[in-house]
Every structure is written in C-alpha cells, then in structure tokens.
Amino acid sequence: MTARRPTSPFAHPPQQPPAAGGGGDGRASDEERVAAARQELLEGVGAEIAASFPGITRLGGQVVAALFLADAPRSMDELSQELGRSKSNIFANLRGLEAAGIIERRRESGARHDSFALRGKYPDVIVGAYLGRLRRVVQDKRALARRALALLGDAQGAEADAMRARLDDLSRKYDLFAEVMEQLLPSIDGPVDLERLIAQVPAPVVRSLNAAARVAWAAGDAISRLSGRAGRKR
C-alpha cells in the first residue's frame, strides 16, 4: 500500500536528531532528542491506526499518540494546537476514534468544553478495538452469506448450483471463524491487557498452539499445491 502524503507538521518521515545541539559539541540537545522521539511516535502510531481502522486517518493515529503521551485528558483545542491541525480535522477523527471504542469523551466539573482520553492503556485499547471490529466483520459476513443464499433460494441450473456451492462454503467458513473467536475471545469489549493475558497462559499451552498452527498452515499449503496441480492437469 502506498503511504499517503503527510499533511501535518508532525507527520513526515522521521529524521535523525540534528547534528548540532545546544551543547556545542555536535550532539543533539535533550529537547531535540525528545522532539525527535515524539515525532517518531506520532508518525508510527498515525500509520498504524490509519491502516487498521477504516474512516480514521493518519491524523487520528497521531491523536492517539498525543493522548498516550499526555499526562491528562486533552481538549479539542489543545490537540489542534499540539498537532498543528485544524479543529475540524481533529473533530472528525475524534468522532471516528470514539465510535471505534479507542477514546472516550469527558466533561470535567465546571469545564465549558469536553476533553478526550484513551479508553484504556495503549496499546491495550487498540487491540481491544481491533478485536471488536474483527468480530463485527465476521458477523456481518455471516449475515451477508445467509442473505445471498436466501435470495438464491431453490433456483435451478448450473450457474445457480455453482453459486450455491460457493455461498455454502463461504457461510461454513464464517461460521467456523465466529465459533473459534467465541471460544478464544469471548465477548471482549474494551482494552485487552495482552501482557497480563500472555503471562497467564502456561508455556506448554503456548507451545502446543504454536505447533498446531504450524501443522495447520503446512496442511493448508499442501492442499493448495495439490489443488493447483489438479487444476492445471484439466
């Protein structure tokens, strides 16, 4: 995927810290190093969020990074000033991030405007939001396959039979995905503490899952190769 041209003053390819610094010895100053590290994080998280959540731009990811680095909730005005972007652009991404369950809106007592904060720790909140989105995608595709089958009904003919076979296979796969997700990730809504989750899984279980995954991928590759050869021989 071709990266979009950055538009924010903060959103350009990260540079090395300047060679000349405040110390006069050719090294970057502490302030310059902090600025470079901040810029790197803004760019990286911006690209990550934009690639993972439709409707949220690179600026939305930079908002996430800014909130992660902040020591308190930020208002829209503060985020606009920190990121050097218009309030309208900030607002559009705040709405998308809120809808995705990544940030939450707050109104402090006596405050005139809302402020915004991450819904949980980073990156736990991103993992939780992504799993929630994946669950919705699977459910939507299950419903899509069933609707298409219902519309096809008892239509006859070679074309109808071929479509029915494909839709049956698609429906079966999404049903399987939904079942596996429900068993492994039951109804997660919110941040996922991956560090704690991984720490609680016994090492033998991790090794068994790894071995099973390797066997499954190898079997899938073998079946694909055999199917390809069979198709070329026809």
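Of the peptides 79-86, 93-100, the ranking by mean beta-carbon count within 10 Å, highest at the top, reads 93-100, 79-86. Local charge for Arg136 was computed over the other residues whose Cβ lies under 13 Å away, with Lys and Arg +1 and Asp and Glu -1, and equals +2.
Stretched out fully, how many nm does the piece from Arg136 to Ser52 gain, at 0.36 nm a residue minus the Cα gap? The Arg136-Ser52 span can extend by a further 28.8 nm. For Lys87 and Arg112, a Förster radius of 22 Å and the Cβ-Cβ distance give a FRET efficiency of 0.90, rounded to the nearest 0.05.
By the count of other C-beta atoms within 10 Å, a proxy for reagent exposure, Asp161, Asp124 are ordered fewest to most as Asp161, Asp124. Here the relative contact order of the stretch 124-203, from alpha carbon pairs under 8 Å that lie six or more residues apart, stands at 55 percent. Phi angles across the stretch 65-82 convert, under the Karplus curve 6.51 cos²θ - 1.76 cosθ + 1.60 with θ = phi - 60°, into 3J(HN,Hα) values of 4, 5, 5, 5, 7, 6, 9, 6, x, 10, 7, 4, 4, 5, 5, 4, 6, 5 Hz, Gly and Pro given as x. Per the Debye calculation on the stretch 105-194 with a single equal scatterer at every Cα and no solvent contribution, log₁₀ I(q)/I(0) for q = 0.22 Å⁻¹ amounts to -1.01. A simple count of charges around Arg95, restricted to other residues whose Cβ falls under 13 Å of its Cβ and scoring Lys, Arg +1 and Asp, Glu -1, yields -1. Look at where the Cα atoms of the stretch 123-143 and of the stretch 65-108 average out, and the two centres are 22 Å apart. Using a simple spin-label model with pseudo-atoms 7 Å out from Cα toward Cβ, Ala203 and Ala35 lie 4.7 nm apart. Would you tally the net charge around Ala37, using a Cβ to Cβ cut-off of less than 13 Å, leaving Ala37 out, and scoring K and R as +1, D and E as -1? It works out to a net charge of -3.
Since every read-out is calculated from the coordinates, none of them should be taken as a lab result. The structure presented is a predicted model; accordingly, all values stated were derived computationally and were not measured. Backbone-built Cβ (ideal geometry, glycine too); neighbour counts: all protein chains shown.
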